[in-house]
Structure formats: C-alpha cells, structure tokens
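The block underneath contains the structure these notes are about, expressed in structure tokens.
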Amino acid sequence: MRRDPFQAIADPTRRAIISLIAIQTMTPNALAEHFSMSRQAVSKHIKVLSECQLLKQDRSGREIHYHLNARKMKEISDWLDPFRQLWENRFNNLDDLLNKIKTKS
C-alpha cells in the first residue's frame, strides 16, 4: 500500500524520525530510544514512512538499518518550490512596501 508522503510528514513524530535518519542510518531500536513511546509505536511510524518511500532499509544480519530516500525527499522539495518562490516574492513585496512607508514618515 502506497501512502501520501505529505500526509506522512504532517505528523511531528515522523518528521522527527526523518530528521534523525537524515543524520545517520538507524535501527528501529536506536530510533525508539529518542522517543517516549513504545518500540512498536515507533515501528508503525517507520512503516508509514517506508510505504511512502521516504525511508529505505538495508538488512545486516538480523538488524534492519533505515536511511533516508533523498530522491523522494527531493520530489517533495521540487513540488514545494513554486510555493516557496511565491511566498518569498510576497515577503519581498511586503518589505518594499514597509520601507516605502518608513521613508515617508
């Protein structure tokens, strides 16, 4: 089952997991140490992120190491770029307007 990555990253715990894994690959147990919830709860969040293809996994013996799927994160960033540009332009226009008002005073 494929899930919507935007719905997945809307959850603060999943964003925190992404932030941790962006720094280094981690096992579910290592991730669970960073949260005040059960390992099973953390595993459910990992499952959602994996289903969205935001995380990839590598097996090493009995351990699973999760790492960030940078390509999928770039797709999200690319989708957000036009909105980022729109808001930057609006803030620049607001700055210009405020500077004009300030110089008139």
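The values are calculated or read from the model by the stated rules, or taken from the named source; none is laboratory data. Keep in mind it's a predicted model, so treat the numbers as computed, not measured. FYI the Cβ positions are ideal-geometry reconstructions off the backbone, even for glycines, and counts take in every protein chain you see.
Checked against (1) touching a residue at least 40 places away in the same chain (Cβ under 8 Å); (2) not assigned by TED's automatic domain parsing to the domain that holds Asp4, Lys102 meets all criteria but (1). Of all residues in the range 55-81, those that are over 14 Å from Arg15 (Cα atoms) have Cβ atoms under 7 Å from Cβ atoms of residues that are of a type in the set (A, V, I, L, M, F, W, C) and assigned to a strand (DSSP E or B), 6 or more apart or on another chain, in Gln57/Ile64; His65/Met26; Tyr66/Met26; Tyr66/Leu55.
Filtered by the rule that a residue be surrounded by 10 or more Cβ atoms within 10 Å (Cβ to Cβ), basic (Lys, Arg) and more than 16 Å from Ile21 (Cβ to Cβ), the range 53-91 gives Arg84, Arg90. Counting only residues that are loosely packed, with under 13 Cβ neighbours inside 10 Å and either of a type in the set (A, V, I, L, M, F, W, C) or touching a His at 6+ places or on another chain (Cβ under 8 Å) (or both), the range 25-40 holds 1 of them.
Across the range 1-50, what is the number of residues that are under 23 Å from Trp79 (Cα atoms) and of a type in the set (Gly, Ala, Ser)? Number satisfying all stated conditions: 6.
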